[in-house]
């Protein structure tokens with residue numbers, strides 16, 4: 001390739017990094033705002049300027065790639081515990097590696113004009129329409145690889161949407177066969193949610209319920225409430241289901257537990 005245009009290089013990699021961040025978010029069922037994801041993608045576009053550096057040794061390329069992944073992941077998803085952060089970086093870097101491999105295959109097999117891999121950075125001097133088509137193609141290829149490999153990295157996870165006090169809140173919940181918590185008076189099942197996932201929502205005193213629980217780790221009580229509406233994977237649930245609020249109890253990327261009995265209906 002005779003020339004590399006900086007504006008094209010950055011724009012292309014902002015677009016690509018956003019889809020890699022999106023793949024990571026969906027694989028780990030992360031709660032991340034699009035504002036942070038876009039910021040991480042823009043940062044990734046800036047880091048793509050490493051392509052302008054004279055050809056680097058493979059080991060140096062890998063170090064730069066891992067460092068870049070660490071920065072992008074932190075920017076896009078925020079802080080978390082050390083092990084979870086490493087998991088996020090590994091997943092993002094894996095998707096990035098797979099994407100680069102797919103693009104290298106396309107580059108070497110079809111030799112499209114205006115496409116190159118420079119210091120592990122993808123560069124296209126092509127029309128925006130072709131760029132969008134290629135990136136979407138790679139995105140769905142990565143999703144298919146994840147699906148057929150049986151690697152739902154968050155386990156059996158469902159998307160939950162609740163409406164309470166005219167506020168809609170969405171989060172992911174992991175199906176747990178050991179979660180059979182019920183509201184003591186009605187006997188209705190309870191979805192247990194980390195407080196941070198409720199985005200500052202706090203039920204009014206009239207709607208609060210005290211829900212006792214017992215587990216191998218001990219027993220106690222949590223605060224709960226009955227939402228106005230609840231959907232599980234987009235399907236409105238007609239039975240009354242309570243939401244129990246805990247704090248720093250559920251570990252891992254998915255901060256909510258849903259009784260397996262609910263998903264069996």
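The values are calculated or read from the model by the stated rules, or taken from the named source; none is laboratory data. Here the structure is a predicted model, which means the values were calculated and not measured. Here the Cβ positions follow ideal geometry from the backbone for every residue, glycine too, while neighbour counts run over all protein chains shown.
A few remarks follow.
- Being in a helix (DSSP H, G or I) and either closer than 16 Å to residue 30 by Cα or modelled with pLDDT of 85 or more (or both) is not true of residue 62.
- Extreme residue, nearest to the chain's Cα centre (by Cα), among residues of the range 23-41 that are part of a helix (DSSP H, G or I) and surrounded by 18 or more Cβ atoms within 10 Å (Cβ to Cβ): 25
- In the range 51-72 there is at least one residue that is assigned by TED's automatic domain parsing to the domain that holds residue 26 and touching a strand residue (DSSP E or B) at 6+ places or on another chain (Cβ under 6 Å).
- Criterion applied to 122, 130 was being closer than 30 Å to residue 9 by Cβ, in a strand (DSSP E or B) and either at pLDDT below 75 or in the same structural domain as residue 53 (by TED's automatic domain parsing) (or both), and the one residue passing it is 122.
- Filter result for residue 231 (more than 24 Å from residue 33 (Cβ to Cβ) and in contact with a strand residue (DSSP E or B) (Cβ under 8 Å, 6 or more places away or on another chain)): no
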